[in-house]
1. Quick check: with the 1.4 Å probe, what order do VAL19, VAL68 take by accessible area, largest first?
2. Please list, or write none, the lysines whose alpha carbon is within less than 16 Å of the alpha carbon of LYS36, excluding same-chain residues fewer than 8 places away.
3. Hey, can you find the accessible area per residue of the chain for me, probe 1.4 Å, expressed in square angstrom?
4. How many percent of the accessible area of the chain is carbon or sulfur, using a 1.4 Å probe?
5. Give a residue-ordered list of calculated ³J(HN,Hα) values for region 63-70 (Karplus: 6.51 cos²θ - 1.76 cosθ + 1.60, θ = phi - 60°; whole Hz; x for Gly, Pro).
6. Taking springs between alpha-carbon atoms closer than 10 angstrom, which of GLN30, GLN49, GLN58 fluctuates most in the Gaussian network model of the chain?
7. Please report, in debye to the nearest 20, how large the charge dipole of the chain is about its Cα centre when each Lys and Arg carries +1 at its beta carbon and each Asp and Glu carries -1 there.
8. Leaving ligands, DNA and RNA out of it, work out the accessible area of SER65 with a 1.4 Å probe and give it in Å² to the nearest 10.
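The values are calculated or read from the model by the stated rules, or taken from the named source; none is laboratory data. Since the model is a prediction, treat every value here as computed from it, not as a measurement. In this analysis, Cβ positions are derived from the backbone assuming ideal geometry, glycine residues included, and neighbour counts consider all displayed protein chains. Surface areas here come from the heavy atoms of the whole protein model, side chains and all, with no ligands, DNA or RNA. Shrake-Rupley method; radii C 1.70, N 1.55, O 1.52, S 1.80 Å.
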Amino acid sequence: MSSDVQRPTKWSMEDRARVKNILLADPLEQLSETDKKMLWNLRYLCITQPEALPKVLQSVDWTDSASVQE
């Protein structure tokens, strides 16, 4: 998950629904790779949703120093 992904400027309806389902899921539930990638790509839009922080942190590729610095 590279940090040089272009920042999206708005949510699609599909993105909103997927993020809502992820945030409503059990906080101990592991995220799928697809969900991690989606959350990482939408991380700047999640800033307005403080409850998203734990899930966004789960989506960080901790082996990539550029991602960690984000």
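1. Working: VAL19 0, VAL68 65 Å².
Correct descending sequence by accessible area is VAL68, VAL19.
2. Here the lysines satisfying the reach criterion relative to LYS36 are LYS20, LYS55.
3. That works out to 71 Å² per residue.
4. Details: 2700 of 4990 Å².
That fraction is 54 percent.
5. With coefficients 6.51, -1.76 and 1.60, one gets 8, 9, 4, 5, 5, 5, 5, 4 Hz.
6. GLN49
7. Working: 9 positive and 11 negative charges, 62 e Å.
With Lys and Arg at +1 and Asp and Glu at -1, about 300 debye.
8. Only protein atoms counted, so the area is about 80 Å².
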